[in-house]
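Below is one structure, written out as structure tokens, with a few remarks after it.
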Amino acid sequence: MLRQPLLALSRSAAVRELVSTLPVSSGIVRSYVPGETTEAAVAAATGLVDEGLKVTLDYLGEDTTEHAQADATVQAYVDLLGQLSARGLARHAEVSVKLTAIGLALRTSAQGSAGPSSTHQVALENARTICRAARNAGTTVTLDAEDHTTTDATLAVLRDLRKDFPETGAVLQAYLHRTEADCRELAHEGSRVRLCKGAYDEPEEVAYQSRLDVDTAYVRCLKILMAGQGYPMVATHDPRMVEIASSLASRHGREQGTYEFQMLYGIRPEEQRRLAASGETVRVYLPYGGEWYGYLVRRLAERPQNLTFFLRSLISKK
Ligand SMILES: Cc1cc2nc3c(=O)[nH]c(=O)nc-3n(C[C@H](O)[C@H](O)[C@H](O)COP(=O)(O)OP(=O)(O)OC[C@H]3O[C@@H](n4cnc5c(N)ncnc54)[C@H](O)[C@@H]3O)c2cc1C
């Protein structure tokens with residue numbers, strides 16, 4: 001019930017400024033984000049891989065309005081992919097990218113800078129650079145899903161990107177009314193599709209609002225993906241969804257390894273290990289970097305019980 005007010009409050013500049021004064025080492029931030037640097041991210045990824053898990057790394061950042069910042073983000077991914085390759089981790093670790101961090105949200109100005117088609121072009125070229133680095137390293141890229149105003153643009157970039165990099169993963173959010181149709185379109189051979197419930201504050205015109213409606217939509221989408229020819233990536237911590245995904249996989253004769261489970265760093269780690277020990281492919285989404293504010297707020301909004309912990313961190317700055 002607190003989810004929407006929390007997400008709305010998080011858009012206040014004063015709240016952002018206050019929360020951003022927390023060090024990344026503070027308990028609440030560290031529980032979801034292992035560190036700010038490439039070294040910290042690679043160290044955390046190594047630990048997870050040693051335990052038999054796969055990883056997808058996200059260099060945190062979104063809604064980037066400046067070219068220079070988008071370029072810096074692309075470079076951070078290229079450096080990270082070089083490190084993953086050098087450390088022999090690329091077979092187990094891929095990257096997740098938000099297109100608004102690499103050009104889709106560039107400022108449109110009267111001086112003739114980015115408009116909708118040029119933001120598409122910038123995001124596409126930047127995504128191509130990351131995909132090329134990933135392919136050279138021996139791994140893949142998945143394009144994260146952001147708020148619904150970016151869905152069409154993200155899927156358009158995905159379509160163009162897949163002409164050269166068909167291994168690029170898509171993310172679909174079950175809470176959007178449109179997603180069953182998107183699942184049908186993307187459930188083809190070779191298509192990697194991550195299905196999540198959706199983490200943004202969306203209006204009822206475009207998204208289911210109640211937990212029950214979102215959960216039943218998630219199951220309908222799972223059915224389409226599991227029955228299809230693609231590679232479903234079941235991104236949820238919900239025990240019922242995990243169980244339903246497993247039974248749909250066996251109903252469709254899918255062997256372990258023809259789909260995977262994905263969970264976020266720091267959430268239900270014992271379940272991640274239990275599933276991996278049972279032979280399932282389990283990938284942990286590992287975010288890192290200094291721009292953790294938006295990510296942290298979405299995690300708090302999903303689990304308002306964490307608020308007390310969070311407020312305590314804010315008061316003690318630890
Ligand atoms: C790998 C991965 C990638 C994702 N990528 C995207 C994306 O690109 N775009 C997007 O919009 N969303 C993304 N999400 C977030 C997703 O949309 C949901 O907001 C989030 O996963 C919570 O939904 P749930 O399926 O876990 O179910 P819920 O019903 O929300 O949670 C089920 C159970 O999981 C545990 N849990 C859930 N959240 C938390 C938390 N924050 N802290 C502690 N415990 C928790 C609790 O035990 C809870 O009862 C991603 C999620 C995952 C796992």
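A quick yes/no check of all residues on (1) open to solvent by 60 Å² or more (accessible area, probe 1.4 Å); (2) in a strand (DSSP E or B); (3) among the acidic types (D, E):
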position: F261; (1), (2), (3): no, yes, no
position: L275; (1), (2), (3): no, no, no
position: E280; (1), (2), (3): no, no, yes
position: V284; (1), (2), (3): no, yes, no
position: P287; (1), (2), (3): no, yes, no
position: G290; (1), (2), (3): no, no, no
position: V297; (1), (2), (3): no, no, no
position: T308; (1), (2), (3): yes, no, no
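Results for (1) open to solvent by 20 Å² or more (accessible area, probe 1.4 Å); (2) modelled with pLDDT under 95; (3) of a type outside the set (S, T, N, Q); (4) in contact with a helix residue (DSSP H, G or I) (Cβ under 9 Å, 6 or more places away or on another chain), shown as yes or no for each residue.
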position	(1), (2), (3), (4)
A181	yes, no, yes, no
V193	no, no, yes, yes
C196	yes, no, yes, yes
Y208	yes, no, yes, yes
C221	no, no, yes, yes
I224	yes, no, yes, yes
D238	yes, no, yes, yes
S247	yes, no, no, no
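Conditions (1) in contact with a Pro (Cβ under 9 Å, 6 or more places away or on another chain); (2) open to solvent by less than 10 Å² (accessible area, probe 1.4 Å), marked per residue:
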position	(1), (2)
A217	no, yes
E255	no, no
T258	yes, no
L264	yes, no
Filter the range 266-287 down to residues that are under 12 Å from the mean Cα position of the chain (by Cα) and more than 9 Å from the ligand (Cβ to nearest atom), then give me how many there are. 2
When the range 121-153 is examined, which residues are found to be open to solvent by less than 10 Å² (accessible area, probe 1.4 Å) and in a helix (DSSP H, G or I)? A123, L124, A127, I130, C131, A134
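The values are calculated or read from the model by the stated rules, or taken from the named source; none is laboratory data. Everything quoted here is computed from the prediction, not taken from an experiment. Cβ: placed from backbone, ideal geometry, glycine included. Neighbour counts: every protein chain shown. Heavy atoms of the whole protein, side chains included, go into the accessibility calculation; ligands, DNA and RNA do not. Shrake-Rupley method; radii C 1.70, N 1.55, O 1.52, S 1.80 Å.
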